Amino acid sequence: MKQSEELRQFLRSIDHKGYPAYKGAKGTYRFPDYILSIDHVQGDPFASPSRISILIDGKKAGFPTSYFDQFYKKLALEDCLLRTFGEEIEPFNFRAKGSGKSGLLSVSHPGQEILKRTACSVDENNGSILVRLEAGFPARGRTIDSQELIHILFDFLPICVKKSCVFGNYSIEGKEKVEQGIQLSEDQFALREQLSEKGLIAFIANGSILPRCSGVSKKPMKQAVAFESPPSMEVSMNLPIRGNVKGMGIPKGVTLIVGGGYHGKSTLLEALESGVYNHILGDGRELVVTDSSAVKLRAEDGRSVKQTDISLFIGNLPNKRDTIHFCTEDASGSTSQAAGVVEAVESGAGVFLMDEDTSATNFMVRDRLMQQVVKRDKEPITPFIDRVRGLYEQEGISTVLVAGSSGAFFHVADLVIQMDAYVPLEITAFAKETAQAYEDKTGLREMKKLTSLHIPTLLRTGGKDDRGKIKILGRDSLQIDKEIIDLRCVEQIVDAEQIAALGYLLKYGGKNLIDGKKTLGKIVDELELKIKNDGLASLAEGGYLPTDLALPRRQEIFSAFLRCRSLMY
């Protein structure tokens, strides 16, 4: 390891030289308060920024051991440190001048959710802090301006590290903010632990703010109606910090959410979708938690489906097409949703979240008149309404469904919630009594035992070739080499950095794990084990990380593999 002054001298020696001379700066340097690593140097000032990292010793950082002695507290601390570092570095962004990306200073910008990220990590053994960031190495045209880089590395960064990564330098208010984040993580962990104990799939604390500011902002809406549980559904949770907290508990089983348009049905469902993640203080949904395996399901016209048993819902096709090993490059709404259900089961989902508006109508229900006109033996689709009770009673999989136009699900629901101007009302008895007036035999068909999703053959792609490029296309999709993996309908991806991580997971799995014999479940097991043992950054296989990564759930890893056409026959 070199000393910081050696870096300063080197930079001065290459001043006004051609930009490639910056490559010689790559390495590790000891500064007075931390270790600086220059991990990757951009090819020219207009290319993707250089990648650097900062390692602060745990004793120097000085954060109390009690802030990172549990995985959930460590995650909260990492999130807080990353946000604080981002606030401190922003005033220095482009303070150094030059061409192209010269002077850029950027770190990951987390949203409302708290995710495991490679941008900041805390060592649980000694409290050391590692921060990864991007820096645009300055140039005039394509000529090195090393004095500006010296300002970045020797003037700007030390200030940011001192203010954000050394606990002793925090103000009283800053220390209180960190402690509040840690305490919130303790309460959130306790809430999730109590869901199972109380037979619940979700909990929404009274006073939560569910509506979001806008379609493009996930911050809480100002002057929104605060959530208040119906008395019949109110449960109490005993939390280590906040003590007794009351709110609405949604029990296991089949739950129906109804109500008029714009009354808050989808808002409630979206809060449940997002409840698989913890949220930051001030989000409004801090104490909204959902079973961490819950999956939002929807129709997805045009997606690829390979070797999937959808016979639970679709069979007896007129062309005698196989629905036990169903394959298509262009699924319909009903076949895509049928495949989604079976895939979610294989991924370990314990809860389905569905919205009538984004579901295939013929997959969900067939009304009495349609059943009389088109007889059952002429209809290959067994609708979801005929399977939803069996999914719960035989497989233990609960369903929360938003319905705005069809009352058919009243017959099979265990619980009915009506949203009235964002206020939830529990109307199960009234809905059941009203439904009795309408004869309906749906939901009574016996469900056969679910079989596992079986993908017996997965192509080995990439081989020993590690040159495949990963390109992130927002929060909608990613590109590996020339293939685009469309993830628009995987609605519980909340951060573009999760998309980036999925790209690396696909690439690593295709190169190292897929052998034509392992099932997808086994492959995902091995990927999760690697991340647990070696960290998310290990997916880069010894190279620098060209972008920051955020950990996706097991369910989203499944979804990405299943939508990668080149990985399956």
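Coordinate-derived values only; no laboratory data. Keep in mind that this is a model prediction, so the values were computed, not measured. Backbone-built Cβ (ideal geometry, glycine too); neighbour counts: all protein chains shown.
For the chain, what is the percent of antiparallel DSSP beta bridges, rounded to the nearest 5? Can you show the working numbers first?
Values: 59 of 77 bridges.
Roughly 75 percent of the DSSP beta bridges within the chain come out antiparallel.
Rg/Rh for segment 72-171 to two decimals, with Rh computed the Kirkwood way over all alpha-carbon pairs. Write out the running numbers ahead of the final one.
Working: Rg = 14.9 Å, Rh = 14.5 Å.
My calculation puts Rg/Rh at 1.03.
Classify segment 2-170 as rounded, prolate or oblate from the Cα gyration tensor: take a ≥ b ≥ c as the square roots of its eigenvalues, call it rounded if a/c is under 1.5, otherwise prolate when a/b beats b/c and oblate if not. List each step's numbers first, then the result.
On the way: a/c = 2.36, a/b = 1.80, b/c = 1.31.
Prolate, because a/c is 1.5 or more and a/b exceeds b/c.
Please work out whether segment 470-567 counts as rounded, prolate or oblate from its C-alpha gyration tensor, where a ≥ b ≥ c are the square roots of the eigenvalues and a/c under 1.5 means rounded, while otherwise a/b larger than b/c means prolate and anything else oblate?
On the way: a/c = 1.36, a/b = 1.12, b/c = 1.21.
Rounded.
Looking at the chain, I'd like the Rg to Rh ratio, where Rg is from alpha-carbon atoms and Rh is Kirkwood's inverse mean 1/r.
Ratio of gyration radius to Kirkwood radius: 1.02.
Taking 0.36 nm per residue of sequence separation and subtracting the Cα-Cα distance, how much length would be gained by fully extending the chain between N362 and N125, in nm to one decimal? Working shown, then result.
On the way: separation 237, 0.36 × 237 = 85.32 nm, distance 5.47 nm.
Extra length available between N362 and N125 comes to 79.9 nm.
Need one number: nm distance between label points at D301 and N169, each 7 Å from Cα along Cα→Cβ, rounded to one decimal.
According to this spin-label approximation, the distance is 5.6 nm.
List the residues, sorted by chain then number, that are 5 or more residues from E300 or on another chain and whose placed amide H is less than 5 Å from its amide H.
For E300, whose amide H was placed from the backbone, the distant partners under 5 Å are S336, Q337.
Quick check on my link table: of K175/K219; K218/K469; K198/K265; K17/K162; K73/K518; K74/K471, which ones sit more than 26 Å apart, alpha carbon to alpha carbon? Mind showing how you got there, number by number?
On the way: K175/K219 24 Å; K218/K469 31 Å; K198/K265 24 Å; K17/K162 32 Å; K73/K518 35 Å; K74/K471 30 Å.
Check vs 26 Å cut-off fails for K218/K469; K17/K162; K73/K518; K74/K471.
For segment 295-435, what is Rg from Cα atoms divided by 2.2 N^0.38 Å, rounded to two decimals?
On the way: Rg = 15.8 Å, N = 141, 2.2 N^0.38 = 14.4 Å.
Relative to the 2.2 N^0.38 Å estimate, segment 295-435 comes out at 1.09.
Do you know the relative contact order of segment 396-440, to the nearest whole percent, from alpha carbon pairs under 8 angstrom that are 6+ apart?
Values: 27 pairs, mean separation 14.3, N = 45.
Value for segment 396-440: 32 percent.
Round to a whole angstrom and tell me the spacing of the C-alpha centers of segment 383-424 and segment 192-233.
What the calculation gives is 19 Å, centre to centre.
Output wanted: per-residue J couplings in Hz (rounded whole) for segment 411-416, from phi through Karplus 6.51 cos²θ - 1.76 cosθ + 1.60, θ = phi - 60°, x for Gly and Pro.
With coefficients 6.51, -1.76 and 1.60, one gets 5, 10, 7, 8, 8, 10 Hz.
Which longest uninterrupted range of the chain lacks any GluC sites (Glu not before Pro) assigned by DSSP to a loop state (not H, G, I, E or B) and surrounded by at most 16 other Cβ atoms within 10 Å?
On the way: sites that count: E124, E329, E439, E446, E541.
After excluding every exposed loop site, the longest remaining stretch is 125-328.
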